[in-house]
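Please read the structure below before turning to the comments.
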Amino acid sequence: MSGRAGETPERPPGLTLVSHEGKPYRFDPGTLCMELTATGGPGAFARWEVLHEPSDLVTWAARSRLPDGLDLTVCAAELERVRALRDAVFLLAAGRAHGHPLEPAHLDVVNAAAAGPPLIARVEPGGIRSWAPGATGAQLLSTVARDAIDLFTGPFADRIRECGAHDCHLLFVDTSRPGRRRWCAMEHCGNREKVRAHRARHAPTKP
């Protein structure tokens, strides 16, 4: 699946997710690697898995913050490696969100994935950006892993958050200037929590 080479995406950064009630909302995790964590996760989070087939990863890449025009082919083995990287990044990010140190075993997964060649960007006549043809799942794996290294070693490493809603575990990087983002999305969990707080304040007191 590929978009039109050279076009700059007009969509805002982030992913469109669907709530339990079937309402779509926009969730911006802040970075490419954190977008991958929204596709599922280890343990209990495996029930949210969306990367079941190689074509699912191609679809995710097309919807991610990567520029359009990626001509991507993914095999089953590459999909397994991407899911393993996703789970490692998920656990690392969740740990940082709760003040825990980075686990060496998970870092080994990220570092091994980053060692391979990444996706190759090109510049076309007229200053238009495009991708080199024939991108592979292994290159996508390396690109996401390198993004994770940039995150965990960069200025936003201490801005990794878990949504503040009581029943939401989405992870994101708070790139806002004040650094006070609490929710995966204000239109989703932010509004729900405001309604819950309002109802709690105005609930009749029991005698």
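Hey, among the residues in region 123-157 that are at pLDDT below 95 and among the charged types (D, E, K, R), which one's least open to solvent (accessible area, probe 1.4 Å)?
Per the stated criteria, the residue is 124.
Quick one: is residue 86 of a type in the set (Lys, Arg), under 14 Å from the mean Cα position of the chain (by Cα) and open to solvent by less than 50 Å² (accessible area, probe 1.4 Å)?
Yes, satisfied.
Going by what's in this entry, would residue 56 be described as charged (D, E, K, R), over 15 Å from residue 173 (Cα atoms) and in a loop (DSSP other than H, G, I, E, B)?
Judged against the criteria, residue 56 is not a match.
For region 103-122: of the residues being open to solvent by 50 Å² or more (accessible area, probe 1.4 Å) and assigned to a loop (DSSP other than H, G, I, E, B), which is farthest from residue 75 (Cα to Cα)?
Among residues in region 103-122 that are open to solvent by 50 Å² or more (accessible area, probe 1.4 Å) and assigned to a loop (DSSP other than H, G, I, E, B), the one farthest from residue 75 (Cα to Cα) is 103.
Just checking, does region 163-171 include any residue being surrounded by 11 or more Cβ atoms within 10 Å (Cβ to Cβ), at pLDDT below 95, aliphatic (A, V, I, L, M) and within 16 Å of the chain's Cα centre (by Cα)?
yes
For region 65-83, how many residues are surrounded by 18 or more Cβ atoms within 10 Å (Cβ to Cβ) and outside any helix (DSSP H, G or I)?
7
When the residues of region 180-204 are filtered to those that are modelled with pLDDT of 85 or more and not in a helix (DSSP H, G or I), which remaining residue is least open to solvent (accessible area, probe 1.4 Å)?
For region 180-204, the residue satisfying everything is 184.
The values are calculated or read from the model by the stated rules, or taken from the named source; none is laboratory data. Computed from a predicted structure; not experimentally measured. Heads up, the Cβs are rebuilt from the backbone with ideal geometry, glycines too, and the neighbour counts pull from every protein chain shown. Heavy atoms of the whole protein, side chains included, go into the accessibility calculation; ligands, DNA and RNA do not. Shrake-Rupley method; radii C 1.70, N 1.55, O 1.52, S 1.80 Å.
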